[in-house]
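In what follows, a single structure is set out as structure tokens and then discussed.
The values are calculated or read from the model by the stated rules, or taken from the named source; none is laboratory data. Not measured: the values here are computed from a predicted model. Note that each Cβ is placed from the backbone with ideal geometry, even for glycine, and that neighbours are counted across all protein chains shown.
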Amino acid sequence: MPLSEIEVTRGIVEGFTRDFLDSLELDVAVAGGGPSGMTCAYFLAREGLKVAVFERNLHIGGGMWGGGMLFPRIVIQEEAMEIVSGFGVSLEPFHEGYYVGDSVETVTKCTAAAIDAGVRVWVGVSIEDVLIREEDRVTGVVLNWRAVELASLHVDPLALEAKVVIDATGHDANVVRTVKRKIPGCRLFTDSGDLVGEKPMWADVGESEIVHNTRQVYPGLLVTGMAANAVYGSPRMGAIFGGMFLSGRKSAELALELVRGGGG
Ligand code: 48F
């Protein structure tokens, strides 16, 4: 039986509307679908939380697709192998304590694992602002289409609520930067109260500090991945990715405590 064009339209609009309405009150909203954000979302969904990832690109994976300088390979240290193996990724040992693998395989299997665990992923959507309530607590995110942003159209956004918001936007730490810019006198939970900024590449140090930097940086707002190192002033580390997975898992553990403890 042929399907008319309006039936195709109906299927798309109804499906989108149902799922989008179901995302209006989340346990956790994750900004950015790179390795840290997807890993965070995966572990939260496995615990039965309602979690959605908002990614401004049309694809998930952030900076992982291109490996190191477009050589589609990534390096992962032993400590993170448990996580990537859980996604079904196979990597080869190449140096004591280090493995090398295919970045395309890692992105796709990590994404599939997250979706299978129950994560809802919205692509082409930018988080441009946050909701603040209850005496300076982040309580949700403000969304717009990336296409609207790129075209510089003056279109008002929409918003949804989340008990916890995770900034997984990578090197720019866009959500934390927005909070800092828009709340007068805002003090982040850093020594100076400011967003310190990412330091030049030093892989060992960057990797060793990233899990520690994965924290609540403002009430209701956690940072993970390179956003965590950018906020706390730690170095970048190039194509070593273990820290992104370890940080993603830690942010999920912290978010879970906040949501279940009612502090979220
Ligand atoms: O940059 P990205 O991959 O962040 P990550 O998870 O991983 C970093 C590594 O890829 C690599 C590295 C390894 O040593 O340094 O760079 O910390 O993914 C961040 C994602 O967030 C999206 C962006 O398009 C990317 O896919 N993003 C950024 N700002 C926004 C956003 C925003 N305002 N709203 C929605 N998505």
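Here Ala162 meets the list (1) closer than 19 Å to Gly32 by Cβ; (2) more than 16 Å from the ligand (Cβ to nearest atom) almost entirely, failing just condition (2). Considering the range 123-133, and only residues there that are farther than 17 Å from Val155 by Cβ and among the hydrophobic types (A, V, I, L, M, F, W, C), the residue that is surrounded by the fewest Cβ atoms within 10 Å (Cβ to Cβ) turns out to be Val123. Return the residue satisfying two criteria in turn: it lies in the range 215-260 and is within 11 Å of the ligand (Cβ to nearest atom) and in contact with a Cys (Cβ under 6 Å, 6 or more places away or on another chain), and of such residues it is farthest from Asp204 (Cα to Cα). Here the answer is Ser251. Residue pairs whose Cβ atoms lie under 6 Å apart, separated by 6 or more positions or on different chains, with the first residue in the range 188-206 and farther than 27 Å from Val138 by Cα and the second among the charged types (D, E, K, R) and at pLDDT 95 or above, are Met201/Arg236; Gly206/Arg236. So which residues in the range 136-179 are under 27 Å from Asp194 (Cα atoms) and assigned to a helix (DSSP H, G or I), if there are any at all? Of everything in the range 136-179, those that are under 27 Å from Asp194 (Cα atoms) and assigned to a helix (DSSP H, G or I) turn out to be Glu149, Gly170, His171, Asp172, Asn174, Val175, Val176, Arg177, Thr178, Val179.
Look at (1) within 25 Å of Ser251 (Cβ to Cβ); (2) among the hydrophobic types (A, V, I, L, M, F, W, C); (3) more than 15 Å from the ligand (Cβ to nearest atom) and you find that Ala80 fails only one, number (3).
Go over the candidates Asp22, Asp27 one by one and state the one that is of a type in the set (Asp, Glu), more than 22 Å from Thr178 (Cα to Cα) and more than 16 Å from the ligand (Cβ to nearest atom).
Just a single option satisfies the conditions, and that option is Asp22.
Of the residues Arg120, Arg146, the single one that is within 13 Å of the ligand (Cβ to nearest atom), modelled with pLDDT of 95 or more and among the charged types (D, E, K, R) is Arg146. On inspection, Thr139 fails the criterion of being more than 11 Å from the ligand (Cβ to nearest atom), farther than 22 Å from Gly220 by Cβ and in contact with a Gly (Cβ under 8 Å, 6 or more places away or on another chain). Scanning the range 149-194 for residues that are of a type in the set (Asp, Glu) and closer than 19 Å to Val51 by Cβ yields Glu161, Asp167.
Which of the residues spanning the range 21-71 are aliphatic (A, V, I, L, M), crowded, with 24+ Cβ neighbours inside 10 Å and closer than 20 Å to Ile210 by Cβ? Val28, Val30, Ala31, Met38, Ala41, Leu44, Val53, listed by residue number. May I ask you to verify whether Ser192 is in a helix (DSSP H, G or I) and among the polar types (S, T, N, Q)? No: the conditions fail for Ser192. For beta carbons closer than 9 Å, sequence separation of 6+ or different chains, a first residue in the range 98-114 that is closer than 15 Å to Met81 by Cα and a second that is of a type in the set (Asp, Glu) and surrounded by fewer than 21 Cβ atoms within 10 Å (Cβ to Cβ), the qualifying pairs are Tyr98/Glu78; Tyr99/Glu78; Tyr99/Glu92; Val100/Glu92; Gly101/Glu92.
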